[in-house]
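Asker: Dropping the structure in here first, questions after.
The values are calculated or read from the model by the stated rules, or taken from the named source; none is laboratory data. Bear in mind that the values here come from a model prediction, so they are computed numbers and not experimental data. Ideal geometry is used to build each Cβ from the backbone, glycine not excepted, and the neighbour counts take in all protein chains shown. When the accessible area is computed, the model is the full protein with side chains, heavy atoms only, and any ligands, DNA or RNA have been set aside. Shrake-Rupley method; radii C 1.70, N 1.55, O 1.52, S 1.80 Å.
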Amino acid sequence: MPTSKRYCLTCRLELDKRGFSRHTLSVFHRKAKLIRAMLERNCITHAEIARRIGVTRERVRQLALHMGFADGRSRHAICRMERRRKEMAEFFVEAQKRGFAVEPLGMRSAYINGKLCVQRKACRHDIRKSEHEYTYVSVRQPGGRFDICAWKLPDGRFLILPKKLASFRQTTFNPEESEYLGTASSSHYYRQYIERWSLLGRPRRAK
């Protein structure tokens, strides 16, 4: 004769009659909602959950699998990705807003459409020539590998250059149109690359 099964709505588990009776007396059943709420937060470990509710880490792992949650390694990988997304530099946050798929590698590096992109910060210099004052920005070549580098300018915009145009160690240019090209007269064309998001390719969704 088949064993009758009972379903626990709180824990979302199916058990036989005897197992169901023991289950309703368990710590797991009494704290099921709390355990589920904690498991839904990918950045909390099984060990931390076990410490909070007073069971072993292995028991939490078993319960998580029964409840349909990912294993510990998968949860940690998801957690790392979530932390990287929260810590992303402004360039990658803006790229996401524009519809680009961003795969963060660290705080200031990410893959966008298969291109390794990095963000750096430009330095501002105010220079006075007779009665006129000009603002220049100084940018340095980033160290390490990259396909595209974006320097955040003092006004919040981004100078976006492919690697072939970032062969300098350091250069200076005036981001605004003026009759005076600046100390590095050949770099005035960098203005054309301010906010030039098309270098990243096409966004995955229209904005």
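Asker: Give me the distance in nm between label points sitting 7 Å out from Cα along the Cα-to-Cβ direction at Arg145 and Arg41, one decimal.
Answerer: Between Arg145 and Arg41, the simple spin-label model gives 3.7 nm.
Asker: Can I ask one more? Can you tell me how much longer the chain between Leu15 and Met67 gets when fully stretched, taken as 0.36 nm per residue apart minus their C-alpha distance, in nm with one decimal?
Answerer: Numbers: separation 52, 0.36 × 52 = 18.72 nm, distance 1.30 nm.
Full extension from Leu15 to Met67 adds 17.4 nm.
Asker: Sticking with this one: Please compute the length gained on full extension between Ser74 and Arg22, using 0.36 nm multiplied by the number of residues separating them and subtracting their Cα-Cα distance.
Answerer: Working: separation 52, 0.36 × 52 = 18.72 nm, distance 3.06 nm.
Stretched fully, the Ser74-Arg22 segment lengthens by 15.7 nm.
Asker: Between Gln170 and Arg124, how high is the FRET efficiency from 1/(1 + (r/R0)^6) when r is the Cβ-Cβ distance and R₀ = 25 Å? Nearest 0.05.
Answerer: Details: r = 14 Å, r/R0 = 0.57.
That pair, Gln170 with Arg124, gives E of 0.95.
Asker: Taking the Cβ of Lys17 as the center, what net charge do the other residues with Cβ under 9 Å away carry, scoring Lys and Arg +1 and Asp and Glu -1?
Answerer: Details: positive: Lys5, Arg6, Arg18; negative: Asp16.
For residues surrounding Lys17, the net value is +2.
Asker: Right, another one. Tell me the accessible surface of Glu90 in square angstrom (1.4 angstrom probe, heavy atoms of protein chains only), to the nearest ten.
Answerer: Spelled out: Glu90, probe radius 1.4 Å, area about 80 Å².
Asker: May I pose another question? How charged is the neighbourhood of Leu153? Take every other residue with its Cβ under 12 Å from the Cβ of Leu153, and add Lys/Arg as +1 and Asp/Glu as -1. Don't skip to the answer; put the middle values down first.
Answerer: On the way: positive: Arg120, Lys121, Arg124, Lys152, Arg157, Arg191; negative: Glu90, Asp155, Glu176, Glu195.
Result for the neighbourhood of Leu153: +2.
Asker: Spelling out what I want: for every residue of segment 94-99, take phi, set θ = phi - 60°, compute 6.51 cos²θ - 1.76 cosθ + 1.60 (Karplus), and round to whole Hz; glycine and proline get x.
Answerer: Calculated HN-Hα couplings, in order: 5, 4, 4, 4, 7, x Hz.
Asker: Something else about it: Using each residue's phi in segment 146-154, evaluate 6.51 cos²θ - 1.76 cosθ + 1.60 at θ = phi - 60° and report the 3J(HN,Hα) Karplus result to the nearest Hz, with x for Gly and Pro.
Answerer: Running phi through 6.51 cos²θ - 1.76 cosθ + 1.60 with θ = phi - 60° gives 6, 9, 9, 10, 10, 9, 7, 7, x Hz.
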